[in-house]
Amino acid sequence: MTKIKSIFRAIYDNVWLNPKGRLTTRLKGACESIPPKQRLTVVSLMLTVFVLTAFFVFGHACYKIGLGKAQKPVEIEHIMPIDIITKSPVHEPQNLPGYDNAGMESED
């Protein structure tokens, strides 16, 4: 079992951890080489693009919801009972003794 775990661990390391580590190191190096004012400008620009995209998506969704309700009124459909056809004759219920709410047999 440990041999299989070591094989999976090696695959995991080569497929996920090693490329992720190299990418993280490269990205950190690129970010550290940017001057602080330029870094602030880049972060502000990215945040602005994100906020504008979020507002656009939210506004478009609200518009579509309002548009859909204006065109299609809600129609209420009632559930109709199903006609059940039985092939066997209907049996009469058995005459069972009557019980009151306390579970006692009534005298009638």
Quiz item: What is the extension gain from residue 6 to residue 18, computed as 0.36 nm multiplied by their sequence separation minus the C-alpha to C-alpha distance, in nm to one decimal?
Solution: 2.7 nm
Quiz prompt | Residue-by-residue Karplus 3J(HN,Hα) for segment 7-14, coefficients 6.51, -1.76, 1.60, Hz, glycine and proline x | solution = 5, 5, 5, 5, 5, 4, 4, 6
Quiz item: What full-extension length gain, to one decimal in nm, is calculated for residue 50 and residue 75 as 0.36 nm per residue of separation minus the Cα-Cα distance?
Solution: 5.1 nm
Quiz prompt | Cα Rg, Dmax, segment 1-41, angstrom units | solution = 16.9, 54
Exercise. Mind giving me the nanometre distance, one decimal, between the label points for residue 43 and residue 64, set 7 Å out from Cα along Cα→Cβ?
Key: 3.4
Practice problem: With all protein chains present, calculate the accessible area of residue 4 using a 1.4 Å probe and round the result to the nearest 10 Å². | Solution: 90
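The values are calculated or read from the model by the stated rules, or taken from the named source; none is laboratory data. Quick caveat: nothing in here was measured; it's all calculated off a predicted structure. So basically every Cβ, Gly included, is an ideal-geometry build from the backbone, and we count neighbours across all protein chains shown. All accessible areas refer to the heavy atoms of the entire protein, side chains included, with ligands and DNA or RNA removed. Shrake-Rupley method; radii C 1.70, N 1.55, O 1.52, S 1.80 Å.
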